[in-house]
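The values are calculated or read from the model by the stated rules, or taken from the named source; none is laboratory data. A quick note: this is a predicted structure, and the numbers were derived from the prediction, not measured. So basically every Cβ, Gly included, is an ideal-geometry build from the backbone, and we count neighbours across all protein chains shown. Accessible surface areas use protein heavy atoms only, side chains included; no ligands, DNA or RNA. Shrake-Rupley method; radii C 1.70, N 1.55, O 1.52, S 1.80 Å.
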Amino acid sequence: MGKKPVSAAYVLGVGLTKFIKPRGKVDYTELGFEAGIKALLDAQINYDDVEQGVACYCYGDSTCGQRVFYQFGMTQIPIYNVNNNCSTGSTGLHMARNMVSHGMADCVMVVGFEKMFPGSLQSFYKDREDPCRTTGEMMRVTRGRTDAPGAAQMFGNAGREYMEKYGANASDFAEIARINHLHSAKNPYSQFRDVYTLDQILSSPTIHSPLTKLQCCPTSDGGASAIVVSEDFLAARPHLRSQAIQIAGQHLATDRPDLFDHSAINLMGFGMTQHAARTALAEAEVDPKDVRVCELHDCFSANEMITLDALGLCDPGKAHEMVRAGDITYGGRCVVNPSGGLISKGHPLGASGIAQCAELVWQLRGWANNRLVENTKVALQHNLGLGGAAVVTVYKRADGKTNEVVQDRDVKSKTWVGYNPAVEAKGFTKAQVDKVRSKKSRSEWALQDTEKKVQARF
């Protein structure tokens, strides 16, 4: 399983942009800059403290990461560009945690951003084999192919198999979407904040049964950032321990041979999710039945259904019963996707995993006071990319305490951000930007007019 860590790793700061429809109005340089500045402010550090950088994106030319990071400073640190399909953001977090845990750095900055095209996901390279061709071919052989978007077919087929094997019905999948849309109404960063009835979910246009349009995540533009630090770094800043969230367990898994065993569920990475979850939970010494808040990869309602099962949040084959019992929302056993999830919050691929992290950080700090899952000690995150990679992360508070509601005025008094970022999506001032950009090695040429463009949107 690799060498044992030499240091604990903590998420000290997070930052988000609003997730928006992909209309080409905001460039990736702005998305990455906004998220990164907010994360630095939240962590109360200057970019000169950052020793390594990880940039996460799927759509863009090589070294887009350097283009974003140079806006913070040109300090000659290593910057890595990561592309791991929809799990790109969490892969970046996994890299940062490994760097910190094994002594490569005391402070790593992760920035995820994505500028996407409207409509369903498409492959850009037509002159070479699609890395998911074998997956698509297995789908064709076992379930056939329709004119629906490929991802919707594959995940929809997994939903069909769950219905056939365990007795779920179309309303169970629609209920998952209804709950996610309901949750998103309290997340200021969500692309969609409309609330729907179950009938409205079911009667929206069918994409690939049992999936209707309102059960499918949209494409999105957005950015997210996280600052990951070591125990030594945190110990030097004891006043920040109450906001630091420990990465207590984490695992990145890839597929096992049963990916191609003709099961539509296994074809969607059930095996790697299950393995990543069991490994991460074991490392953190957490029983999945003790998890009260979870952000999971609900690209489609069908994937949330099978993932509840794979993560061990329910007994095998009983995910639909968990949904029917109200056990995936407030008042139930485990609040799933308090952010609204990918279905409603949006899915800018490179930023999604880091946005999940941000939500859980705010939950454990107690800052998400308008949607808080109270009396929580541990949080679970799942991020999936077909092709494939599944990252599961377990978070705990650094001070070992249970979360409690923190009022907006108290957040404002203790943070450089100047407001409660968990419940307000706001910008920043020129003075705040100057405070966290590199003092020793900055370039105004690298920044260009990005700062002005970001400020103009608020």
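Details
- Most to least packed among 74-82, 216-224, 155-163 [average Cβ atoms within 10 Å]: 216-224, 155-163, 74-82
- Which listed pairs, of 115/396; 18/452; 186/426; 345/435, have C-alpha distances above 23 Å, in listed order: 115/396; 345/435
- For the chain, the dipole from Cβ point charges (+1 on Lys and Arg, -1 on Asp and Glu) about the Cα centre works out to 920 debye, to the nearest 20.
- Counted as membrane-span-like here are DSSP H helices of the chain whose alpha-carbon atoms extend 18 Å or more along the helix's own axis and whose Kyte-Doolittle mean is 0.5 or above; these are 349-365.
- When each of the peptides 313-322, 342-351 is scored by the mean number of other C-beta atoms lying within 10 Å of its residues, the order from highest to lowest reads 342-351, 313-322.
- Per-residue HN-Hα couplings for segment 230-242 [Karplus 6.51, -1.76, 1.60; θ = phi - 60°; Hz; x = Gly/Pro]: 8, 4, 4, 4, 6, 4, 6, 9, x, 5, 9, 4, 5
- Alpha-carbon Debye profile of segment 58-173, log10 I(q)/I(0) at 0.11, 0.15, 0.16 Å⁻¹: -0.60, -0.89, -0.94
- Dipole of segment 389-458 [Lys/Arg +1, Asp/Glu -1 at C-beta], most positive-end residue of 422, 455, 438: 438
- Modelled FRET efficiency - R0 22 Å, residue 62 with residue 27, Cβ distances, 0.05 increments: 0.85
- Where the Cα pairs of segment 227-306 fall when distances are cut into 10 Å bins, in %: 15, 34, 31, 13, 6, 1
- Ranked by the mean number of other Cβ atoms within 10 Å of their residues, highest first, the peptides 189-201, 377-389, 61-73 come out as 377-389, 61-73, 189-201.
- Accessible area of residue 439 in the full protein assembly, 1.4 Å probe (Å², nearest 10): 120 Å²
- The calculated 222 nm mean residue ellipticity attributable to helices in the chain amounts to -10500 deg cm²/dmol, summing -39500 (n - 2.57) over DSSP H runs of n ≥ 4 and dividing by all residues.
- For segment 265-313: Kirkwood Rh in Å [reciprocal of mean 1/r, alpha carbons]: 11.1 Å
- Residues of the chain: accessible area per residue with a 1.4 Å probe, Å²: 38 Å²
- A 1.4 Å probe, protein heavy atoms only, puts the accessible area of residue 414 near 90 Å².
- Rg over Rh, two decimals, segment 132-174 (C-alpha only, Kirkwood Rh): 1.01
- Sorted largest first by accessible area at a 1.4 angstrom probe radius, with every protein chain in place, the residues 123, 204 fall in the order 123, 204.
- R0 of 51 Å, Cβ-Cβ distance residue 283-residue 456: FRET efficiency to nearest 0.05: 0.70
- Evaluated with a Cβ-only charge set (Lys, Arg +1; Asp, Glu -1), segment 51-191 carries a dipole of roughly 200 debye about its Cα centre, given to the nearest 20.
- Per-pair calculated FRET efficiency, R0 = 22 Å: residue 412 and residue 374 via Cβ, rounded to 0.05: 0.55
- Theoretical gain in end-to-end length, residue 145 to residue 405 [0.36 nm per residue, Cα-Cα removed]: 88.7 nm
- When +1 charges are put on Lys and Arg Cβ atoms and -1 charges on Asp and Glu Cβ atoms, the dipole computed for segment 1-121 relative to its Cα centre reaches about 420 debye.
- Whole-percent carbon and sulfur share, accessible surface of the chain, 1.4 Å: 50 percent
- Which labelled figure in [x] 19.9; [y] 22.2; [z] 29.1 is mean projected area of the Cα convex hull in nm², once derived from the coordinates: [x]
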